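S.K.: Below are the structure tokens for one structure; questions will follow.
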Amino acid sequence: LPTYAAPPHNSTVTLWVFNPDPLTTANQTYGAPYADNFDQDVLELNTERVAVQMKATFENNLFYLKNEYAEIQEFSFPEIPPVISVTPEFNYTRAQSGFEDANAFYHISAFQQYIRSLGFTNIVDYAIAVDAHALGGSDNSNFNPGFNPPRLQFGEGGVDDAEDADVIIHEYGHAIMHSAAPNT
């Protein structure tokens with residue numbers, strides 16, 4: 001395998017994600033074959049993935065979904081370790097747990113870059129901790145400011161929440177509000 005040399009947080013990786021979700025990009029409504037189907041790979045859903053690029057961390061000859069905006073971690077049941085890669089590519093399908101990791105990491109990072117492009121450099125000015133497989137698999141997600149750094153947790157009941165950019169940004173919106181107006 002080739003050796004990649006780049007400073008932490010300064011390696012560009014390719015991630016395969018939904019942008020924003022497969023129903024929107026396919027112009028379809030929810031239902032077969034555009035249905036969750038218990039995370040099974042479905043050709044129609046997999047073809048809606050797109051390749052995007054984002055800065056990530058390269059340490060000890062491994063790429064991690066970690067940058068100045070977000071860090072994929074494991075802190076809530078079910079225990080599914082965050083994906084890492086020996087190459088700068090995170091190419092997963094819905095049947096693989098790495099897909100939700102890559103999707104959540106990309107959308108949070110891209111949204112924070114957008115916020116900063118507007119001149120708001122002190123809103124969520126930390127790497128938010130993200131567990132893309134959390135809350136015991138429930139059909140729920142949340143922002144929890146009670147940790148340092150605060151956390152985002154995405155449930156997997158129904159359609160996995162970390163597969164949908166709208167849900168990801170909704171929960172990240174709570175972090176934005178908390179950062180802009182703490183304790184409100």
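The values are calculated or read from the model by the stated rules, or taken from the named source; none is laboratory data. Just so you know, these numbers come straight off a predicted model, no measurement behind them. Every residue, glycine among them, receives a Cβ derived from its backbone with ideal geometry; neighbour counts consider all protein chains shown. For the accessible areas, the whole protein counts, side chains as well, though only heavy atoms, and no ligand, DNA or RNA atoms are used. Shrake-Rupley method; radii C 1.70, N 1.55, O 1.52, S 1.80 Å.
S.K.: As a test of the formula, what do you get for the chain when each DSSP H run with n ≥ 4 contributes -39,500 (n - 2.57) and the sum is divided by the residue count, at 222 nm and rounded to the nearest 500 deg cm²/dmol?
M.R.: Numbers: 4 runs with 45 residues, N = 184.
Only helices count here, giving -7500 deg cm²/dmol.
S.K.: Express the carbon and sulfur contribution to the solvent-accessible surface of the chain as a percent, rounded to the nearest whole number, probe 1.4 angstrom.
M.R.: Working: 4680 of 8970 Å².
With neighbouring chains kept in place, the figure for the chain is 52 percent.
S.K.: In Å², what does the accessible area per residue of the chain work out to with a 1.4 Å probe? Intermediate results must be reported in sequence, preceding the final value.
M.R.: Working: 8970 Å² over 184 residues.
Per-residue value: 49 Å².
S.K.: Taking each pair of distinct Cα atoms in the range 59-107 once, what is the resulting Kirkwood hydrodynamic radius in Å?
M.R.: Every distinct Cα pair counted, the radius reaches 11.4 Å.
S.K.: Rounded, prolate or oblate: which fits the range 74-142, taking a ≥ b ≥ c as square roots of the Cα gyration tensor eigenvalues, rounded meaning a/c under 1.5, else prolate when a/b beats b/c?
M.R.: oblate
S.K.: Where Rh is the Kirkwood radius over the Cα pairs of the range 98-184, the temperature 20 °C and the viscosity 1.002 mPa s, what D in µm²/s does Stokes-Einstein return?
M.R.: 165
S.K.: Related question: Over its Cα atoms, what ratio of radius of gyration to 2.2 N^0.38 Å does the chain give? Don't skip to the end; give the middle numbers.
M.R.: Values: Rg = 16.0 Å, N = 184, 2.2 N^0.38 = 16.0 Å.
My calculation over the Cα atoms of the chain gives 1.00.
S.K.: Next question. Under the classification rounded if a/c is under 1.5, otherwise prolate if a/b is larger than b/c and oblate if not, where does the range 1-96 fall, given a ≥ b ≥ c as square roots of the Cα gyration tensor eigenvalues?
M.R.: Values: a/c = 2.37, a/b = 1.85, b/c = 1.29.
Because a/c hits 1.5 or more and a/b exceeds b/c, the range 1-96 counts as prolate.
S.K.: With Cβ to Cβ distances under 15 Å as the rule, what net charge do the other residues near residue 91 carry (K, R +1; D, E -1)?
M.R.: Values: positive: 49, 94; negative: 41, 48, 89, 100, 101.
Neighbour charge sum, excluding residue 91 itself: -3.
S.K.: Using amide H atoms built 1.01 Å from N in the peptide plane, name the residues 5+ places from residue 140, or on other chains, whose amide H lies under 5 Å from its own.
M.R.: Long-range HN contacts for residue 140: 155, 156, 157.
S.K.: Report the antiparallel proportion of the DSSP beta bridges in the chain as a percent, rounded to a multiple of 5.
M.R.: Details: 18 of 26 bridges.
Within the chain, antiparallel bridges account for around 70 percent of the total.
S.K.: Next question, about the same structure. Within the range 72-171, report the GluC sites (Glu not before Pro) that DSSP leaves as loop and that have at most 10 other Cβ atoms within 10 Å.
M.R.: On the way: sites: 74, 79, 89, 100, 156, 163, 171; in loops: 74, 79, 156.
Answer by residue number: 79.
S.K.: Would you work out which of 155, 51, 140 lies farthest towards the positive end of the dipole of the chain? Charges go on Cβ: Lys and Arg +1, Asp and Glu -1.
M.R.: 51
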